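**Student:** Before anything else, here's the structure in question.
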Amino acid sequence: MGGASVHLRQVDVRFVGPDGVMVQRRWRSAAGGLCLMECPMVRSFPLRRGRRLAPGWWWSATTSRLVGYGSAAMRDAVMMLDQDPQVTGMVSRPVELVWEEGGRTVTHAPDLAVALVDGSIHLVDCPGSSGPSARLASRARVAGLCAQDAGWEHRFADAADPVALANGRWLALRSSPVKVSSAQVSRVPR
């Protein structure tokens, strides 16, 4: 049932403003003016000991910028989206939704925001091969309501075809390394 009783007038959104300061406003008053493709990451990905993959950065040929990822499923989704000719922009965790549910504060930062050639925006969560947990599904319902209210879409990342994924990894490993200056690294959001 989680997320079912939440109304949009109760949802806030957090994002990093142009001046680098965290902003929190009501969703309905802020959503229309958000330029998601320009928003830096609102919340970094935690480093969890014992995991095979640490959070990292993918150099996107589509955006000519680094896109953060927090899991293998998210890295694979970013890699596949970067090869999709329909994708024109991609950023990780540009917004965090905040609402009250059952007397406690709940937050959810969709993993990615993706812009497509047709002008549409998709908020994307990357749950992995086992699919979304009940907790993520509940939070995704609220993200879906918010996205729909803004004229966007919310979805879960599709499981990538294993052959396409293997080819994408092979190409990524064999492409020439990107030269990143120390000035660019210092501007990477943390």
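**Student:** Please count how many residues of region 64-81 are open to solvent by less than 30 Å² (accessible area, probe 1.4 Å) and farther than 14 Å from Arg169 by Cβ.
**Tutor:** Final tally of qualifying residues: 5.
**Student:** What residue, among those in region 103-146 that are within 21 Å of Gln24 (Cα to Cα) and among the small types (Gly, Ala, Ser), is most open to solvent (accessible area, probe 1.4 Å)?
**Tutor:** Gly103
**Student:** Also, I was wondering about something else. Would it be correct to say that Gly56 is open to solvent by less than 50 Å² (accessible area, probe 1.4 Å), over 24 Å from Gly33 (Cα atoms) and not aliphatic (A, V, I, L, M)?
**Tutor:** Details: open to solvent by less than 50 Å² (accessible area, probe 1.4 Å): yes; over 24 Å from Gly33 (Cα atoms): yes; not aliphatic (A, V, I, L, M): yes.
Yes.
**Student:** Another question about this same structure. Determine which member of the set Val91, Val114, Val78 is within 15 Å of Asp158 (Cβ to Cβ), free of Cβ contacts under 8 Å to residues at least 60 places away in the same chain and part of a strand (DSSP E or B). Working first, answer last.
**Tutor:** Working: Val91 fails: within 15 Å of Asp158 (Cβ to Cβ); Val78 fails: part of a strand (DSSP E or B).
Matching residue, one of Val91, Val114, Val78: Val114.
**Student:** Residues in region 26-53 that are modelled with pLDDT of 80 or more and either in contact with a His (Cβ under 9 Å, 6 or more places away or on another chain) or assigned to a loop (DSSP other than H, G, I, E, B) (or both): how many?
**Tutor:** Within region 26-53, the first condition is being modelled with pLDDT of 80 or more, and the residues that meet it are 26-47, 49.
Add one more test, that the residue is either in contact with a His (Cβ under 9 Å, 6 or more places away or on another chain) or assigned to a loop (DSSP other than H, G, I, E, B) (or both), and what stays is 34-35, 39-47, 49.
Qualifying residue count, region 26-53: 12.
**Student:** Out of (1) modelled with pLDDT of 95 or more; (2) within 14 Å of the chain's Cα centre (by Cα); (3) over 21 Å from Gly32 (Cβ atoms); (4) not hydrophobic (A, V, I, L, M, F, W, C), what's the single condition that is false for Gln86?
**Tutor:** Unmet condition: (2).
**Student:** Something else now. Only residues that are of a type in the set (Gly, Ala, Ser) and farther than 15 Å from Arg26 by Cα: list them for region 147-156, please.
**Tutor:** Matches in region 147-156: Gly151 only.
**Student:** Need pairs with beta-carbon distance below 8 Å; first residue touching a residue at least 12 places away in the same chain (Cβ under 8 Å) and within region 129-141, second part of a helix (DSSP H, G or I) and open to solvent by less than 100 Å² (accessible area, probe 1.4 Å); sequence gap 6+ or separate chains.
**Tutor:** Close Cβ pairs satisfying both conditions: Ser129/Ala73; Pro132/Ala140.
The values are calculated or read from the model by the stated rules, or taken from the named source; none is laboratory data. Nothing here was measured: the structure is a model prediction, and the numbers come from that model. Please note: Cβ atoms are built from the backbone with ideal geometry, for glycine as well, and neighbour counts cover all protein chains shown. We work out accessible area using only protein heavy atoms, side chains counted, and drop any ligands, DNA or RNA first. Shrake-Rupley method; radii C 1.70, N 1.55, O 1.52, S 1.80 Å.
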